[in-house]
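Heads up: the structure comes next, in C-alpha cells.
Every number here is computed from the coordinates shown, using simple stated rules; none is lab data. Here the structure is a predicted model, which means the values were calculated and not measured. Here the Cβ positions follow ideal geometry from the backbone for every residue, glycine too, while neighbour counts run over all protein chains shown.
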Amino acid sequence: MSKAMKENGEYKNNFVNKKNIITAAVIIGVYILIVVLTEGGVLNRQAKSLLVPIGINIILAVSLNLVTGFLGELSLGHAGFMAIGAYTGAIFTIYANMPEFAEFLLGILLGGIAAAVFGFLIGVPVLRLKGDYLAIVTLGFGEIIRSIVNFMGITGGAMGLKQIPRYSNYTWTYIIMVITLLFITNLVNSRYGRIIRSIRDNYIAAESIGIKVSRYKTMAFVIAAFFAGVAGVLYGHNLSIVKPGDFDYNKSIEILVIVVLGGMGSVKGSVIAAVILTILPEMLRATDDFRMFLYAVVLIAMMLFNSSGFRTRLEESGKLPKLSLPVKLKAK
Amino acid sequence: MALLEVKNLGISFGGLRAVDNVNFDIEKGQLYGLIGPNGAGKTTVFNLLTGVYRPTDGTIKLGGIDIVGKSPSEICQAGIARTFQNIRLFKKMSVLDNVKTALHNQIRYSLVTGFFHLPAYFKAEREMDEKAMEILRVFDLDGQADYLASNLPYGKQRKLEIARGLATNPKLLLLDEPAAGMNPNETAELMETIRLVRDRYQITILLIEHDMKLVSGICEKILVLNFGTELAAGAPEEVLNNPEVITAYLGE
C-alpha cells in the first residue's frame, strides 16, 4: 500500500485529529513561552520591541510567498499593498470613535479589504503579463501608491500620518499571524492550492485540464494583497506614525529576500527566514557604521550555504516535524 | 450523429497555410488515428481542437455544439482532454496531486471551506483521493502516488499525462504521440492500456502517432495529413498500403 493511501487517514477524523491537536498545542505553547520570557525579564526591551515587527514580517513574507512561491509570479509591489492597508487602517482608527477592540479589529479588516480591492483592480489587467513584465508593472504600482500618498491631504503627505493609536501589541500580532499562517497553509493544501501550484508548474497544461488560469491567478494575488494590507495596519499601529517612505521598493525587496531565503513555496521556511532577517539588523546594531555592510555579507553567506532555501534543508533532514507542507519531496 | 464533426478546418499563420480544408467525423467510442510526416500539421489540428489556436475557417462540433472560439479551459469542460507531445506535467507536484488537480471541476468546495478546512473539505478530499487512486491504478502508477512527477521515469510520465487527462472526465481524449520515446515493450503495454481505457471509461480517443505498429494495431480509422491537407482516410490496412501515403512518408 502506498504512502499516499495511508495519508488518507489525515482526512478521516475531520477537525479533531492528531495533526490539528499538535498544531494547536504548538501555537499556544509558543505564545505562552514568549509571554513567560518577556514577563520573566529574559527578553530585554529591545528584544520585546522586535516581537511585533517579526510577526508583521511573517505575515508579509507568507502572503508574498503565495504569489511568488506557489503561483510562481514575481511581484515587487507588496509594499504598495502594505501601504494601502496601513493608511486605510490608520485613518479609520484616528477618525472612528469606538471601543479599542472593535475599532482595531474593524481597522484591520478594512485595511485588508482596501488592499484586496486594489489587488483585484491591478491584478485583472496586470496578471495577463508574465515574469519580468509582471515584476516591472508591480514595481511601478508600488511606487505609484507611494507617490499618491505623498500628495494626498488626508494621509499627511510626505511628513507622514501621525498620532495613530498604538494598538498593535504582541497578542494582537500573534493572533493575526497565526490566523494568516493557518489560512494560507489551509488554502495551499486545498484544491485551490493545487490549482495555484499547477499554474506555476505549467499554465498551458493547467488550461488544458479546464482551469481558468487568470481567475485563479487573480484570486491568489487578491488574497496576498489582503494579508499585506492587514500587516500594514499592524505596522502603522505599532509605530504610531506612517510615512510614504516606509513603503518604497526597498520594503518590497526586503520581503522578497525573506521569501527567497526561506524557500519558494514554503510557509515554514518563510517564517524562519522572517524571524532571522528581522532580528539580524538589530543584532548588528553594535557594529554601528558597518551594520548594513555586514547585513549584506551575512545575507550573501546565507544564500551561498543555503541556496535552495530552508525548505529543502528541513525536508531532507527530516528532523523537524512536518506540520502540513504541501509539497512532498520524495527523491527516489 | 458523430461525437466530433470537423468541417473545412483551416488556419493561416500570416502567409503560411498550416492546416487547410480538413474534414473528419469521429464516432462515439472510436479509436481514431491522425498520422502524417513531420510538419504535416497534426499537432496544429490538436491545438485547433483544444482552443489553443482559433481556426481561421471551418467549424468544430462536439456532440453537435460548436466549440470554435472557446478558451482551452472551456473546451476541456465541454469534454475534450489532451496530452502534449513534449510532456507537460505539474513537475513539482506529487503524482497524486497531478491527478487530483484535474478533478477540480468534478469535486468542488468553496474558498471558505478551503480556508477553514470545514468538514466538507475532508469529505471532498477523501473522495478525490479515491477517484485519483482508481485512475492511477489503471496506469499502474498507484505505487508511485507520492513521488514528485518529475522523478518518474519517462514512460510513466507519459502515462501520468494520460491519467491526468482522463481525470477531467472527457468524452474525447486527444493523445499527442503517446508512444514517443518508448521501447517496443512499453509501446505494446501502452496499446493495451489505451484500449482498456477506452472500454472502461467509454470514451473516444483521437491519437497522433508515428509508430505504425501501434497505429495499425489499435486504430479503427485513420486520417493522413500532408502539408496541412488530407491525403487519405479510412481503415488502417487500406490507408497504410495507399501508394500516395507511402510516397509522402518515404519519398519517391
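Side notes on the structure shown:
- The mean number of partner chain beta-carbon atoms within 10 angstrom of a residue's beta-carbon across peptide B:73-83 is 3.
- Using the Cβ-Cβ distance between residue B:106 and residue A:170 with R0 set to 56 Å, the FRET efficiency from 1/(1 + (r/R0)^6) comes to roughly 0.80.
- Counts of other chain beta carbons within 10 angstrom of each beta carbon in peptide B:110-121 average 5.
- Pairwise centroid distance, computed over Cα atoms, of region A:228-265 with region B:50-106, Å: 39 Å
- For the protein assembly as shown, share of DSSP beta bridges that run antiparallel, in % to the nearest 5: 55 percent
- From the C-alpha gyration tensor of region A:52-317, square roots of 5λ in Å: 28, 24, 18
- Members of B:92/B:156; B:28/B:213; B:100/B:156; B:7/B:61 lying beyond 19 Å, as alpha-carbon distances in this model show: B:28/B:213
- Two-site label geometry, residue B:229 and residue A:96: point separation in nm, points 7 Å out along Cα→Cβ: 7.2 nm
- Mean projection of the Cα convex hull over all viewing directions, computed for chain B: 14.7 nm².
- If both residues of a DSSP beta bridge must be in region B:95-252, then about 50% of such bridges are antiparallel.
- Note on residue B:17 and residue B:66: with the Förster distance fixed at 30 Å, the Cβ-Cβ geometry gives a FRET efficiency of about 0.85.
- Here is how the number arises for chain B: DSSP H runs of 4 or more residues each give -39500 (n - 2.57), the sum is divided by the residue count, and the result at 222 nm is -12000 deg cm²/dmol.
- When peptides A:35-42, A:225-232 are sorted by average Cβ neighbour count within 10 Å, with the highest value leading, the order is A:225-232, A:35-42.
- Other residues within the sphere of radius under 11 Å centred on the Cβ of residue A:72, judged by their own Cβ, net out at +3 (K and R +1, D and E -1).
- Where the Cα pairs of the protein assembly as shown fall when distances are cut into 20 Å bins, in %: 19, 45, 27, 9, 0
- Projecting label points 7 angstrom from Cα along Cα→Cβ for residue A:152 and residue A:282 puts them 3.0 nm apart.
- Computed helical MRE - 222 nm, chain A, DSSP H runs ≥ 4 contributing -39500 (n - 2.57), nearest 500: -23000 deg cm²/dmol
- Sites listed here are trypsin sites (Lys or Arg not before Pro) in region B:17-51 whose DSSP assignment is loop and whose Cβ has at most 16 other Cβ atoms within 10 Å: B:28.
- Environment charge of residue B:218, counting only residues whose C-beta is closer than 15 Å and scoring Lys/Arg +1, Asp/Glu -1: -4
- Averaged over the residues of peptide B:140-146, the number of Cβ atoms from other protein chains lying within 10 Å of each residue's Cβ is 4.
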